[in-house]
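Here's the structure we're looking at; comments come further down.
The values are calculated or read from the model by the stated rules, or taken from the named source; none is laboratory data. Since the model is a prediction, treat every value here as computed from it, not as a measurement. Counting neighbours? That spans all protein chains shown, and the Cβs are built from the backbone with ideal geometry, glycine included.
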C-alpha cells in the first residue's frame, strides 16, 4: 500500500490509451514538492440537537520541503492561515486572519510523518492511499489514515484513526482537464476516558470524499468531503457539525528570496521608505517603521501618502505571490483597544494598497495589538518602533 501523507502530494498516474474499455492505471506516491492548499467549508452546527447557525471556515496554507534528513527522509515547513466565519462573496476581498499556524514535520519514504508541536495541520495523514500495482474502474481497496480534528479552533487537535474504503471510478473531464476520480468513505470513531484539552471525550460520524487528480501530470486538483460528525463533551453536552469541505491545491514554485529582495531594492530606495526588508520562514517581510496615523484612528496622516505609493509600487513588481499584512501597536494599557486598533490599521493598509492597483484577493490581514513589541514601551523611541505595519510576501 502506498499512502499519501496528506492530500497535496505529487502523484504519478499512468493511464492506458484506449478509452472504450477499462484499462489499468498505476497510482503511486513517488516524490514530494512544494504545494499550496485552500480549504473552504460550510458547516451547520447543532448544539445538543438544536440548530445554532452556519459556520463558514477557510484555511490557506503552503508547505515547502527544506532538506533531507535521516537518509531519504525529508523535512517540511510551512504556514496555515485560518479564517473563520468567512462570507460567500469574499473571494475577491482581503480576509481577516483568525490564526497563523506554523507547521514542521519529517516525512519518510513510505509517507509516514512525525510532526513537531502538532496543532492539527495537515489535517489528513495517510490519506488518500493507493494500492501497489494496477487498478481499473471499479477497483476497491482499504487503507488506514488519521484525521486531526480541531472543530473549535483550540489549537489542540484530536487525532482520530480510521480505515478508509476506496473505489477508483475512472477518468472524466473537470474544467477542461482530464482527471482521475477516486471515491473514499470512512467513519470517525473515537473514545477517550480522559477529556481532550478542549473537553472532547467521544467522536462519532462519517465522511464521504471525492478526489480528483490530473491525468497528465498526477497533480491534485480538488477534494470534496461531505461529513456529519458529532463531538461529545465531558460536561454531557454535544456539538454536531454537518456539511462539506472543498479543498483545492497544487504544486508551487518556491520563492527565490534573493531575487525578490533585489527586485524591490531596484524599484524603490528603502531609505526613502523607512522600512526593513528581511527574509523570514514565511517569505519576505517588509516592516514599515513608525507608521503615522491620526491618533486613536486607522486614518493615515497625509504625509504617509508618498510612502504608501512607494510600497504599492514595490509590491506590484511581485506578481505571483500573496501578502499578509499585520498591524502592531504600542502599549497603552488598554489591551482590547490596542487589538481592535491594530486590526483596523492592518485593514486600512490593505485598502490603501488596493486603491493603488493591487488586487484585494491577494491580501490577508491580522492585528496583534501590543503582543509583539520590538522596542521599549517606556520610551518614545520604543513606542515609535512598536507602532508598525508588517507586510509579508508569502511563499
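Here 146, 200 are screened, and the one residue that is free of Cβ contacts under 8 Å to residues at least 24 places away in the same chain and either in the same structural domain as residue 117 (by TED's automatic domain parsing) or more than 16 Å from residue 223 (Cβ to Cβ) (or both) is 146. In this structure, residue 81 qualifies as under 13 Å from the mean Cα position of the chain (by Cα) and modelled with pLDDT of 85 or more. Evaluating residue 176 against the criteria (1) over 24 Å from residue 58 (Cβ atoms); (2) in contact with a strand residue (DSSP E or B) (Cβ under 8 Å, 6 or more places away or on another chain) leaves one unmet condition, (2). Looking at the range 291-310, can you tell me whether even one residue there is part of a loop (DSSP other than H, G, I, E, B), closer than 27 Å to residue 64 by Cα and over 21 Å from the mean Cα position of the chain (by Cα)? No, the range 291-310 contains no residue that is part of a loop (DSSP other than H, G, I, E, B), closer than 27 Å to residue 64 by Cα and over 21 Å from the mean Cα position of the chain (by Cα). Exactly one residue out of 217, 204 is surrounded by fewer than 19 Cβ atoms within 10 Å (Cβ to Cβ), more than 24 Å from the chain's Cα centre (by Cα) and farther than 18 Å from residue 156 by Cβ: that is 204. What residue, among those in the range 255-272 that are surrounded by 14 or more Cβ atoms within 10 Å (Cβ to Cβ), touching a residue at least 24 places away in the same chain (Cβ under 8 Å) and under 28 Å from the mean Cα position of the chain (by Cα), is nearest to residue 80 (Cα to Cα)? Restricting to residues being surrounded by 14 or more Cβ atoms within 10 Å (Cβ to Cβ), touching a residue at least 24 places away in the same chain (Cβ under 8 Å) and under 28 Å from the mean Cα position of the chain (by Cα), the top hit is 255. Scanning the range 309-363 for residues that are free of Cβ contacts under 8 Å to residues at least 40 places away in the same chain and either in the same structural domain as residue 100 (by TED's automatic domain parsing) or surrounded by 18 or more Cβ atoms within 10 Å (Cβ to Cβ) (or both) yields 338, 342.
Restrict the check to the range 151-174 and report whether at least one residue is surrounded by 19 or more Cβ atoms within 10 Å (Cβ to Cβ), in contact (Cβ under 8 Å) with a residue 12 or more places away in the chain, closer than 30 Å to residue 393 by Cβ and within 19 Å of the chain's Cα centre (by Cα). Yes, the range 151-174 contains at least one residue that is surrounded by 19 or more Cβ atoms within 10 Å (Cβ to Cβ), in contact (Cβ under 8 Å) with a residue 12 or more places away in the chain, closer than 30 Å to residue 393 by Cβ and within 19 Å of the chain's Cα centre (by Cα). Residues in the range 258-276 that are in contact with a helix residue (DSSP H, G or I) (Cβ under 6 Å, 6 or more places away or on another chain) and at pLDDT 75 or above: 3 in all. Scanning the range 278-302 for residues that are out of contact with any strand residue (DSSP E or B) (no Cβ under 8 Å at 6 or more places or on another chain) and buried (at least 18 other Cβ atoms within 10 Å of the Cβ) yields one hit, 298. Of everything listed in (1) in contact with a strand residue (DSSP E or B) (Cβ under 6 Å, 6 or more places away or on another chain); (2) under 23 Å from residue 43 (Cα atoms); (3) buried (at least 16 other Cβ atoms within 10 Å of the Cβ), the single unmet condition for residue 275 is (2). Which residues, taken from the range 124-148, are at pLDDT below 90 and within 19 Å of the chain's Cα centre (by Cα)? 124, 125, 126, 127, 128 - these are the residues of the range 124-148 that are at pLDDT below 90 and within 19 Å of the chain's Cα centre (by Cα).
Within the range 370-390, the set of residues being in contact (Cβ under 8 Å) with a residue 60 or more places away in the chain and touching a helix residue (DSSP H, G or I) at 6+ places or on another chain (Cβ under 7 Å) comprises 389 only.
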